[in-house]
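Just so it is clear, none of the values below were taken in a lab; they were calculated from the coordinates. Keep in mind it's a predicted model, so treat the numbers as computed, not measured. Cβ placement follows ideal geometry from the backbone for every residue including glycine, while neighbour counts extend to all protein chains displayed.
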Amino acid sequence: MGLKMLLVDDEPLARSRLRTLLADCKAPAAEVAGEAANAAQAMEHLRRQAFDGVLLDIHMPGADGLALAQVLRTLPEPPAVVFVTAYAEHAVTAFELEAVDYLTKPVRLERLEQALARVEKARQARSGGAEAEQEVLVIQDRGRTERVPVNEVLYFKAELKYITVRTAARSYILDGSLSDLEERHGGQFLRVHRNALVSRRAVRALEKHFDAEEGEGWAVRLNGVEESLSVSRRQLSAVREALAS
């Protein structure tokens, strides 16, 4: 069964273009089950029937798309939200509202199909056919916004005012607090030093180490990266326990 989509945009030409693109989408297939020019019309549609996803503009007369997305989160079975806008600066706010994707106009068919795949994944999760959407970090990187799955992160390291987020593929810079990350994701990560959290599943070895500032000590090695991370004396026993478990 194709995805049931609601188009919400105050510009008729924009809705027409989305209808054409949706008709060209092969996998997953989708159909336009409703159209609205503003938030009030959109809520009227949502009261009458259920939708799998909403393609939602941000700048509209009356309540904007961000306000509507906030309301959608309160529904018993909220549709997956994909923002479709000419403005890139709202991406972080959009992902904080748990949007599954953020498309900038003019929308390309390939990107729309990627967004629909995320809508399909959300539909399966609601019906119990797939695991719930995994936790992600929303990272601003060189003019683009990227969602990095937390389970791909090997370590977080505090450096000056920023956090280095390291995956097997690359590093990112995150503006935040190591303590906040530990509070949110402490079950997956282990503090090895005042400036570092490492993925528990990635811990490979504990070895003797010499640090120019701290002298003789210990370091932990992780699967997926070459560099080692210093282990403080205070955290040494916790790392040994993690290796033994």
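Couple of notes before you dig in:
- Computed from the C-alpha gyration tensor, the three semi-axes of the ellipsoid equivalent to the range 139-244 are 23, 15, 13 Å, from longest to shortest.
- Model label points for residue 204 and residue 44, set 7 angstrom from Cα along the Cα-to-Cβ axis, are 6.1 nm apart.
- Taking each DSSP H run with n ≥ 4 as -39500 (n - 2.57) and averaging over every residue of the chain yields -8500 deg cm²/dmol at 222 nm.
- Springs join every pair of Cα atoms under 10 Å in this Gaussian network model of the chain, and among 47, 194, 73 the largest mean-square fluctuation is at 47.
- The range 90-202, Rg to Rh (Cα coordinates; Rh as Kirkwood inverse mean 1/r): 1.01
- Dipole magnitude for the chain: about 500 debye, using +1 per Lys or Arg Cβ and -1 per Asp or Glu Cβ, origin at the Cα centre.
- Counted by Cβ distance under 14 Å from residue 243, the other residues give a net charge of +3, where Lys and Arg count +1 and Asp and Glu count -1.
- The charge dipole of the range 3-126, taken about its Cα centre with unit charges on the Cβ of Lys, Arg, Asp and Glu (plus for the first two, minus for the last two), comes to roughly 340 debye.
- Comparing 71, 38, 198 along the charge dipole axis of the chain, the residue lying farthest to the positive side is 198, per the Cβ-charge model.
- Calculated FRET value between residue 75 and residue 228, using beta carbons and R₀ = 51 Å, to 0.05: 0.60
- If you run the Gaussian network model on the chain, springs between alpha carbon atoms under 10 Å, then out of 35, 152, 44 the most flexible one is 44.
- Degrees between helix 109-126 axis and first principal axis of the chain (Cα, 0 to 90, nearest 10): 80 degrees
- Global form of the range 3-126, assessed from the alpha-carbon gyration tensor, a/c cut-off 1.5: rounded
- Antiparallel DSSP beta bridges within the chain, percent to nearest 5: 65 percent
- Dipole orientation for the range 3-126: of the candidates 49, 82, 103, 49 has the Cα lying most toward the positive pole (charges on Cβ; Lys, Arg +1; Asp, Glu -1).
- Loop-located trypsin sites (Lys or Arg not before Pro) across the range 83-164 with a Cβ neighbour count of 12 or fewer within 10 Å are 108, 142, 161, with loop assigned by DSSP.
- Vicinal HN-Hα couplings computed from phi for the range 151-157 (Karplus, 6.51 cos²θ - 1.76 cosθ + 1.60; Hz; Gly/Pro x): 6, 8, 7, 8, 7, 10, 9
- Efficiency of FRET between residue 194 and residue 168 - r from beta-carbon atoms, R0 22 angstrom, step 0.05: 0.35
- Using the Cβ-Cβ distance between residue 27 and residue 104 with R0 set to 22 Å, the FRET efficiency from 1/(1 + (r/R0)^6) comes to roughly 0.45.
- Other-chain or far-sequence residues with amide H under 5 Å of residue 80's (modelled H): 53, 54
- The convex hull built on the alpha-carbon positions of the chain has an orientation-averaged projected area of 15.6 nm².
- Derived scalar couplings ³J(HN,Hα) [the range 170-182; Karplus, 6.51 cos²θ - 1.76 cosθ + 1.60; whole Hz; x for Gly, Pro]: 6, 10, 10, 10, 10, 8, x, 10, 5, 5, 5, 5, 5
- Taking the chain as a Gaussian network of alpha-carbon nodes connected by springs under 10 Å, the highest mean-square fluctuation of the residues 176, 215, 224 belongs to 215.
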